[in-house]
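Q: Below is the structure I would like to discuss, written out as structure tokens.
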Ligand code: TNX
């Protein structure tokens, strides 16, 4: 039977067409390569980072296959039966993150100009193997991979998600698992919302009460929690090895009740506010006229910047309804220079466009097209998180057991059918760094809650961020998405099996 390669059921390998995000170009051929127990991963380079990528690939394939899959560095022709990885730094067509994957009867060859490209090629390879490859116990196989060639590179450099660890704390293991899931879908920015009214989640050595006091609360009265700087550095290193930049957010001048509870001297009247565990927004503010405020902010940004290898520090700036407009402007301009003084670029929610922005700063669009345009007019770039499409904390339907509704209901289809370059009139593709889908956690207390809201919607945003818009249709995507159910299940993801999708 000349079967269309399917989801990996009945021993057929998944077809190229099922890969998410959809590759730029693909030329499938009939037949399959079979990965045998004696296969090796051969790296045609001695670059340490290429070897590390090969080790990660081997680690992702070993548990289910039960094969040894030794990683070796070698020159010249790679013998048949193996997976070969090659770095070709001169290959401009592949870009910083692109790759070429060639599967023949003889073996698999993965080529990229940079290690990130090898990593993403490896993620495509995982998706070309049967879904059972994702289980952590040995499976019978056979481990077939459909033949053909894929040439791939991303549309946008910023392909992200955000996890709010402030409203409900989510710990190191959960965040690392999220980084693994992001990687499979080629996402490369993890924005962590580290502070809010209901909790402060990152230890700041010069202001210890932020976590010892401010870390003890959460929405709904839960026990809270926080990352030590060691925990946080562990996350950053784990992410970096997988080509994910962690963007830390300390939200200010609003969303600071937990900080004010920890240090009442930061309030204008010096009186401690009560801890808050409800879901209100817009009632707290730093004291703009107090010099201590800037000492505080400088200390926090200095420590956060020191933990951050990437270029960006996120300063929030949203919903500062209890800060006078002129105070907001003065505060934000000063904060931008504090961020710069620690060698970082500022990113803020789009309200920061009310102030004078530097061209190196970034605004995150979530609500107001006029503010998004104002950021762009100032030469700043945008990250696109339009709430009716990209907010992962919105309910799917009125029946969703968790989630909010202020931006509307967001079906799996809604989360797929948008395009960053046509979302805001006056904002063009070249104004946009990319896409980020935020998960605010007022209603997401557990990992299962996060899974439910994030998956499968995050896969749609991943495809929007990576794949060309031409030819992307919901009608085709929903079939491709359906083939990911066994894979997500094998990974233990408690996704929402929306009836919009023809799951098998
Ligand atoms: C708005 S979007 C917020 C957050 C809330 C979220 C809930 C934005 C910049 N701020 O404080 O958690 O809505 O959906």
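The values are calculated or read from the model by the stated rules, or taken from the named source; none is laboratory data. All values derive from a computational prediction rather than experimental measurement. Cβ sites come from the backbone with ideal geometry, for glycine too, and all protein chains shown count toward neighbours.
Q: Answer yes or no as to whether residue 318 is under 18 Å from residue 215 (Cα atoms), surrounded by fewer than 24 Cβ atoms within 10 Å (Cβ to Cβ), within 16 Å of the ligand (Cβ to nearest atom) and at pLDDT 95 or above.
A: On the way: under 18 Å from residue 215 (Cα atoms): no; surrounded by fewer than 24 Cβ atoms within 10 Å (Cβ to Cβ): yes; within 16 Å of the ligand (Cβ to nearest atom): yes; at pLDDT 95 or above: yes.
Here the answer is no, as residue 318 does not meet what is asked.
Q: When you check residue 347 against the structure, is it crowded, with 24+ Cβ neighbours inside 10 Å, in a strand (DSSP E or B), touching a residue at least 24 places away in the same chain (Cβ under 8 Å) and on the phi < 0 side of the Ramachandran plot, yes or no?
A: yes
Q: Please indicate, with yes or no, whether at least one residue in segment 294-315 is out of contact with any strand residue (DSSP E or B) (no Cβ under 9 Å at 6 or more places or on another chain) and crowded, with 20+ Cβ neighbours inside 10 Å.
A: There is at least one residue in segment 294-315 that is out of contact with any strand residue (DSSP E or B) (no Cβ under 9 Å at 6 or more places or on another chain) and crowded, with 20+ Cβ neighbours inside 10 Å.
Q: What helices (runs of 4 or more DSSP H) lie completely within segment 443-504 and have 1 or more residues being within 17 Å of residue 410 (Cα to Cα)?
A: It comes to 447-454, 457-466, 474-482.
Q: Would you confirm, using the coordinates I've provided, whether residue 210 is at pLDDT 95 or above, within 16 Å of the ligand (Cβ to nearest atom) and touching a strand residue (DSSP E or B) at 6+ places or on another chain (Cβ under 7 Å)?
A: Here the answer is no, as residue 210 does not meet what is asked.
So that you can scan it fast, the table gives a plain yes or no per residue for (1) touching a helix residue (DSSP H, G or I) at 6+ places or on another chain (Cβ under 8 Å); (2) under 24 Å from residue 383 (Cα atoms); (3) in a strand (DSSP E or B):
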residue	(1), (2), (3)
269	no, no, no
274	yes, no, no
288	yes, no, no
314	no, yes, yes
327	no, no, no
363	yes, yes, yes
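Q: Right, another one. Does residue 383 qualify as being over 17 Å from residue 456 (Cα atoms), away from the ligand (no atom under 11 Å from the Cβ), buried (at least 19 other Cβ atoms within 10 Å of the Cβ) and in contact (Cβ under 8 Å) with a residue 60 or more places away in the chain?
A: Values: over 17 Å from residue 456 (Cα atoms): yes; away from the ligand (no atom under 11 Å from the Cβ): yes; buried (at least 19 other Cβ atoms within 10 Å of the Cβ): yes; in contact (Cβ under 8 Å) with a residue 60 or more places away in the chain: yes.
Yes; evaluated as a whole, the condition is true for this residue.
Q: Identify the residue in segment 369-380 that is in contact with a helix residue (DSSP H, G or I) (Cβ under 6 Å, 6 or more places away or on another chain) and free of Cβ contacts under 8 Å to residues at least 40 places away in the same chain and, among all such residues, is surrounded by the most Cβ atoms within 10 Å (Cβ to Cβ).
A: Looking at the filtered set, the residue picked out is 375.
Q: Further question on the same structure: Can you find even one residue in segment 387-404 that is surrounded by 15 or more Cβ atoms within 10 Å (Cβ to Cβ) and more than 30 Å from residue 455 (Cβ to Cβ)?
A: no
Q: Go through (1) in contact (Cβ under 8 Å) with a residue 24 or more places away in the chain; (2) under 17 Å from the mean Cα position of the chain (by Cα); (3) more than 14 Å from residue 163 (Cβ to Cβ); (4) within 16 Å of the ligand (Cβ to nearest atom) for residue 459 and report which single condition fails.
A: (4)
Q: Within segment 180-219, take every residue that is assigned to a helix (DSSP H, G or I) and more than 16 Å from the chain's Cα centre (by Cα) and give me the one that is surrounded by the most Cβ atoms within 10 Å (Cβ to Cβ).
A: Checked segment 180-219; the qualifying residue surrounded by the most Cβ atoms within 10 Å (Cβ to Cβ) is 210.
Q: Pick from segment 325-334 the residues that are more than 16 Å from the ligand (Cβ to nearest atom) and touching a residue at least 12 places away in the same chain (Cβ under 8 Å): which of them is surrounded by the most Cβ atoms within 10 Å (Cβ to Cβ)?
A: Filtering segment 325-334 down to residues more than 16 Å from the ligand (Cβ to nearest atom) leaves 325-327, 329-331, 333-334.
Filter once more, keeping what is touching a residue at least 12 places away in the same chain (Cβ under 8 Å): 325, 327, 329-331, 333-334.
Values: 325: 9, 327: 17, 329: 16, 330: 15, 331: 26, 333: 14, 334: 16.
It comes out as 331.
Q: Just for strands (runs of 3 or more DSSP E) wholly inside segment 90-179: which have at least 1 residues that are farther than 23 Å from residue 17 by Cβ and modelled with pLDDT of 95 or more?
A: Result: 158-164.
Quick grid of which residues meet (1) within 16 Å of the ligand (Cβ to nearest atom); (2) not in a helix (DSSP H, G or I):
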| site | (1), (2) |
| --- | --- |
| 231 | no, no |
| 236 | no, no |
| 240 | no, no |
| 247 | yes, yes |
| 254 | yes, yes |
| 258 | yes, no |
| 261 | no, no |
| 265 | no, no |
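Q: Turning to a different aspect of this structure: Name the residues in segment 345-359 that are touching a helix residue (DSSP H, G or I) at 6+ places or on another chain (Cβ under 8 Å) and either farther than 28 Å from residue 302 by Cα or more than 11 Å from the ligand (Cβ to nearest atom) (or both), would you?
A: If the condition is that a residue be touching a helix residue (DSSP H, G or I) at 6+ places or on another chain (Cβ under 8 Å) and either farther than 28 Å from residue 302 by Cα or more than 11 Å from the ligand (Cβ to nearest atom) (or both), then 345, 346, 353, 354, 355, 356, 357, 358 are the ones that fit.
Q: Looking at segment 50-76 only, could you name the residues that are touching a helix residue (DSSP H, G or I) at 6+ places or on another chain (Cβ under 8 Å) and either closer than 24 Å to residue 487 by Cα or at pLDDT below 95 (or both)?
A: 53, 54, 56, 57, 60, 61, 64, 65, 67, 68, 69, 73
The rows are residues; the columns are (1) under 21 Å from residue 477 (Cα atoms); (2) without any contact (Cβ under 8 Å) to a residue 12 or more places away in the chain; (3) out of contact with any helix residue (DSSP H, G or I) (no Cβ under 7 Å at 6 or more places or on another chain); (4) within 14 Å of the ligand (Cβ to nearest atom).
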| site | (1), (2), (3), (4) |
| --- | --- |
| 392 | yes, no, no, yes |
| 409 | yes, no, yes, yes |
| 418 | yes, no, no, no |
| 432 | no, no, no, no |
